Every structure is written in C-alpha cells, then in structure tokens.
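First the structure, in the form of structure tokens, and then the observations on it.
The values are calculated or read from the model by the stated rules, or taken from the named source; none is laboratory data. Values in this document were obtained by computation on a predicted structure and should not be read as measured data. FYI the Cβ positions are ideal-geometry reconstructions off the backbone, even for glycines, and counts take in every protein chain you see. With ligands, DNA and RNA removed, areas are computed over all heavy atoms of the protein, side chains included. Shrake-Rupley method; radii C 1.70, N 1.55, O 1.52, S 1.80 Å.
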Amino acid sequence: MGDILSGLEVFGLKNLDRMDVYGDENAEKPQKESRKTEPVKPLETDTIFEKGYECPCCDHQFREKTVRTGKIRMISQDIDLRPRYDVGDTLKYGVVVCPLCGYAALVRSFMHLSPAQSKIIHEKVSQSFTGINLEAETYSYDDAIARHKLALACAVLKRSEVSERAYLCLMIAWLLRVKAEQFKVSSEETRLKREAMKEEEQALLAKAADGLKEAFTREHFPMCGLDESTATYLVAALSFETGKYDEAGIWVSKILTNRTVNNRIKDKARTLKDTINEMKGQK
C-alpha cells in the first residue's frame with residue numbers, strides 16, 4: 001500500500017506522508033490546554049429575597065428584604081464577634097421596619113408587641129413617621145444604620161428587654177465600623193468623618209457592654225439569642241475595646257474558670273486574655 005497521506009505537499013506539508021494512520025498507541029498524546037475560568041462571584045442581590053410580614057402595630061402587610069443564609073459564608077470574626085462574610089453583610093438586614101407606621105424591631109422580636117406597646121409606638125412614632133426608601137435593591141450602610149437606630153428608638157419606647165437594647169447598640173456599632181472602613185482617608189474631611197464614626201462606635205460599644213452587664217442581673221438565658229458564655233465573652237471584649245482592661249480581665253476569668261464553657265469561646269477568651277496583657281504591658 002502506498003503512502004496514503006501522499007499528496008499533502010500541495011499544502012506545503014512534505015514530511016507528513018509517511019505517518020502511520022493509527023500510529024503508536026503508546027506514544028505520548030498532546031495535552032489539551034486547560035481553560036481556567038474565574039468563578040463568578042455572587043452579588044449581594046443574589047443573597048437576599050423578600051419575605052412577607054404583617055405589622056403587629058398597624059396590621060399593614062408588606063415585604064421586607066431578608067438574607068438567604070445558604071448563599072453566604074462567614075469568613076472571619078472581629079474580637080467582639082462581629083462577623084465578616086464573603087458576600088454582602090447580613091447585619092444590614094437585621095431589623096424589620098413597617099413602611100406604613102414606622103414600627104421597627106429585630107427580626108426575632110418584630111411580632112412581639114403588646115397592645116400597650118402598640119399604642120406608644122403609634123403616639124410617639126407613627127404620627128410623625130414620613131416613610132422609608134423602598135426602591136433600592138439592597139440596603140446601604142447608611143440605610144442599615146438608620147433602620148437599626150429606628151429599631152433602637154422603638155425598643156426604648158416600648159421598654160423592651162435590656163439585652164435587646166444592648167444588642168441593637170452593638171449592631172449599630174458594627175455597622176458604623178464597616179462604613180468607616182470604606183472611607184479612604186484622602187482628605188482632612190474624610191479623616192474627620194472617620195474619627196467621628198469611630199467615636200460614635202466607641203460610645204455604642206460602651207452602651208452595649210453596660211446593657212449586657214445589667215441584663216445579667218435581670219434576665220434569664222438565652223437572652224437576645226445569646227447563651228451565657230457568649231454574653232460573658234462579649235462583655236469582656238467590649239470592655240477591652242473601650243479601654244477597660246481590668247474589667248475585661250475579670251470577665252475573661254469567668255470564662256476560663258468555667259468548665260461548662262465550650263472550647264470555641266474558651267479559645268477566644270485565651271486570645272483576648274493575651275491581648276489584654278499585651279496592652280496593659282504597653283501602658
């Protein structure tokens with residue numbers, strides 16, 4: 001049989017006419033070039049959906065943005081347990097606000113409103129409430145801070161549990177922290193804005209610590225979603241962040257000497273203790 005590939009010279013291919021059509025099956029095959037594609041990072045809009053509510057204050061039915069928990073992943077925590085996520089920030093969606101009457105509360109406690117509390121909200125909030133922005137696909141940090149402050153005001157007016165008010169103070173401080181981080185210090189004006197937000201954050205952290213300490217004497221656990229060891233650690237961390245190192249050390253000791261505290265919180269307490277000692281040594 002002649003060379004069945006003869007004739008390729010018309011294409012300028014003079015050296016291919018003697019190839020075996022089936023060749024050596026054991027010969028090394030050319031590797032396919034792999035195409036590396038970057039994974040598409042989800043957007044914040046992909047992590048939220050709208051959930052229906054009926055306001056316990058005015059009976060208005062509305063929809064509120066809520067986080068799809070399966071769509072996000074926590075990647076780290078600050079020393080005071082402020083969570084950091086791979087996409088968006090679930091804390092921005094931590095409260096529910098009725099767009100008609102202005103009643104606002106943490107998601108877990110929104111439906112818990114007595115007739116007497118409803119009357120107070122109607123008199124103190126609803127009669128002056130001018131509405132909220134419902135057009136945005138996601139909440140900005142400014143939106144979230146305003147919504148949480150409205151929830152805190154409602155919590156104060158309806159005399160909610162001290163732990164709930166403390167937790168709202170903590171959430172507002174957390175929101176302010178990330179808002180401040182997004183400011184690039186490019187001018188004296190932005191530097192002053194960051195400093196003002198840091199001062200407000202510190203004041204709210206102190207309020208949160210005071211509220212949690214008071215709640216220890218007045219409430220039973222779990223309170224506002226916190227078990228006793230987590231609340232104890234939070235008081236320690238908040239005391240540290242507001243410069244009360246001796247007090248922080250006392251609360252850390254309560255964790256480290258308690259055999260029932262889980263290892264996760266104990267490890268955080270040990271790290272915090274080392275940080276406290278380091279800071280005290282620098283004074």
- VAL87's amide H: which non-local residues (gap 5+, or another chain) put their own amide H closer than 5 Å, with H modeled 1.01 Å from N in plane and none for Pro or chain starts? ARG73
- Item | Karplus (6.51, -1.76, 1.60) ³J(HN,Hα), θ = phi - 60°, over segment 126-140, in Hz, Gly and Pro reported as x | 4, 5, 10, 5, 9, x, 10, 6, 10, 7, 5, 6, 9, 8, 6
- Sequence order, segment 228-245: Karplus ³J(HN,Hα) from phi using 6.51 cos²θ - 1.76 cosθ + 1.60, θ = phi - 60°, Hz rounded, Gly and Pro as x, gives 5, 5, 5, 5, 5, 4, 4, 4, 4, 5, 5, 4, 4, 5, 9, x, 9, 5
- Express in Å², to the nearest 10, the accessible area of THR271 obtained by rolling a 1.4 Å probe over the protein heavy atoms while all chains stay in place. 80
- Task: Rank by packing, highest mean first: peptides 100-108, 58-66, with packing defined as the count of other Cβ atoms within 10 Å averaged across residues.
- Result: 100-108, 58-66
- Task: Kindly express, to the nearest 10 degrees and within the range 0 to 90, the angle between helix 263-282's C-alpha long axis and the longest C-alpha principal axis of the chain.
- Result: 70
- Message: What is the angle, in °, between the Cα long axis of helix 141-157 and the longest principal axis of the Cα atoms in the chain? Nearest 10 is fine, range 0 to 90.
- Response: 30
- Assign unit charges at the C-beta atoms only (+1 for Lys and Arg, -1 for Asp and Glu), then state the dipole size of segment 72-136 relative to its Cα centre in Debye, rounded to the nearest 20. 160
- Message: Let's see if you can work this out: charge +1 on each Lys and Arg Cβ, -1 on each Asp and Glu Cβ, no other charges. What is the dipole magnitude of segment 197-262 about its Cα centre, in debye to the nearest 20?
- Response: 220
- Message: Can you compute the charge dipole magnitude of the chain about its Cα centre, using +1 on each Lys and Arg Cβ and -1 on each Asp and Glu Cβ, nothing else charged? Give it in debye, rounded to the nearest 20.
- Response: 1180
- Query: Which Cα, out of CYS98, ILE172, GLY281, lies furthest along the positive dipole direction of the chain (beta carbon charges, K/R +1, D/E -1)?
  - Reply: GLY281
- Using the Karplus curve 6.51 cos²θ - 1.76 cosθ + 1.60 with θ = phi - 60°, work out ³J(HN,Hα) for each residue of segment 65-77 in order, rounded to whole Hz, and write x for Gly and Pro. 5, 9, 7, 7, 4, x, 9, 10, 9, 6, 10, 6, 9
- Query: For the chain, what does the alpha-carbon gyration tensor say about shape, rounded, prolate or oblate, given a ≥ b ≥ c as the root eigenvalues, a/c under 1.5 as rounded, and a/b over b/c as prolate?
  - Reply: prolate
- If you line up the long axis of helix 188-218 against the longest principal axis of the chain, both from Cα atoms, how many degrees apart are they, to the nearest 10? 60
- Note on the structure: Going through LYS213/LYS273; LYS65/LYS119; LYS158/LYS254; LYS71/LYS213 one by one, the pairs whose alpha carbons sit over 31 Å apart turn out to be LYS158/LYS254; LYS71/LYS213
- Prolate/oblate/rounded call for segment 95-246, Cα gyration tensor, a/c under 1.5 rounded: oblate
- Message: Taking all protein chains in place and a 1.4 Å probe, what share, in percent, of the accessible surface of segment 33-153 do carbon and sulfur account for?
- Response: 50
